[in-house]
Ligand SMILES: O=C(O)CCC(=O)C(=O)O
Ligand SMILES: [Fe+2]
């Protein structure tokens, strides 16, 4: 299975199997991992068709306007496995995907939920954030981001990450829209898997093309529940989704008296 993955020589041994130990080591050093051609094209097409079917129905976002304005994030989330769309279960059944997750998160890791994120033309993407507060290093989510269609320079919506920031503290307070030294930019192609630690600083750039889609199969270590991502850290605030409220205004150190 997956013999075409032999191309990824630096992530795989000669028999085409992923080197789980190397992948785990790199993930924990860098705070992210990009694996191209991880998923088969046919499966990506199948999922993408479901996604387009759903979003063609002009679905409203459950996120409110204050959130959009303050967070400078514009996505419409959808949870297909909550609607029992079985095609999405196929991802969870890929042995290499679960083995890789286990290598990173350890035994009895938690499969949290899958969330499709849709952004229409002209939307701003997502400002720099951490998916959950970084103060307790043991409490984090793992983003397992799947791209069912190419993200190209024409479309925009590239993902930016700042490597190794999962080892530090909170994203510095300040203007949402800045460049960080050492930031990396990725245009994931169809079939790419990005593993991203929830404490790693990341951002999605504005969408200029027709639309942008990513699907996140979120996971966490054993005993870390889905609520771990209830509070998101932005540069200007911390936001709690369950109560739709800003729970902390963040003020840059330089302007504090
Ligand atoms: O859609 C992406 O590429 C990243 C989305 C994101 O920030 C997340 O799922 O936590
Ligand atoms: Fe995120």
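The values are calculated or read from the model by the stated rules, or taken from the named source; none is laboratory data. Worth saying up front: this structure is predicted, and the values here are computed from it rather than measured. Note that each Cβ is placed from the backbone with ideal geometry, even for glycine, and that neighbours are counted across all protein chains shown.
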Considering every residue within region 150-160, establish whether at least one is within 15 Å of ligand 2 (Cβ to nearest atom), crowded, with 22+ Cβ neighbours inside 10 Å and under 24 Å from residue 105 (Cα atoms). yes
In region 135-142, is there at least one residue being over 19 Å from residue 230 (Cβ atoms), more than 10 Å from ligand 1 (Cβ to nearest atom), surrounded by fewer than 20 Cβ atoms within 10 Å (Cβ to Cβ) and modelled with pLDDT of 95 or more? no
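Yes or no, residue by residue, for (1) part of a strand (DSSP E or B); (2) more than 18 Å from the chain's Cα centre (by Cα); (3) within 13 Å of ligand 1 (Cβ to nearest atom); (4) over 23 Å from residue 49 (Cβ atoms):
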{"position": "70", "(1), (2), (3), (4)": "no, yes, no, yes"}
{"position": "82", "(1), (2), (3), (4)": "no, yes, no, no"}
{"position": "91", "(1), (2), (3), (4)": "no, no, no, no"}
{"position": "122", "(1), (2), (3), (4)": "no, yes, no, yes"}
Per the list (1) in contact with a strand residue (DSSP E or B) (Cβ under 9 Å, 6 or more places away or on another chain); (2) over 16 Å from residue 225 (Cα atoms), residue check on residue 111 breaks on (2)
Could you look through region 148-187, keep only residues that are within 11 Å of ligand 1 (Cβ to nearest atom) and touching a strand residue (DSSP E or B) at 6+ places or on another chain (Cβ under 6 Å), and pick out the one that is farthest from residue 69 (Cα to Cα)? 186
Strands (runs of 3 or more DSSP E) fully within region 138-238 counting 1 or more residues that are farther than 18 Å from residue 34 by Cβ and under 16 Å from the mean Cα position of the chain (by Cα): 211-220, 231-234
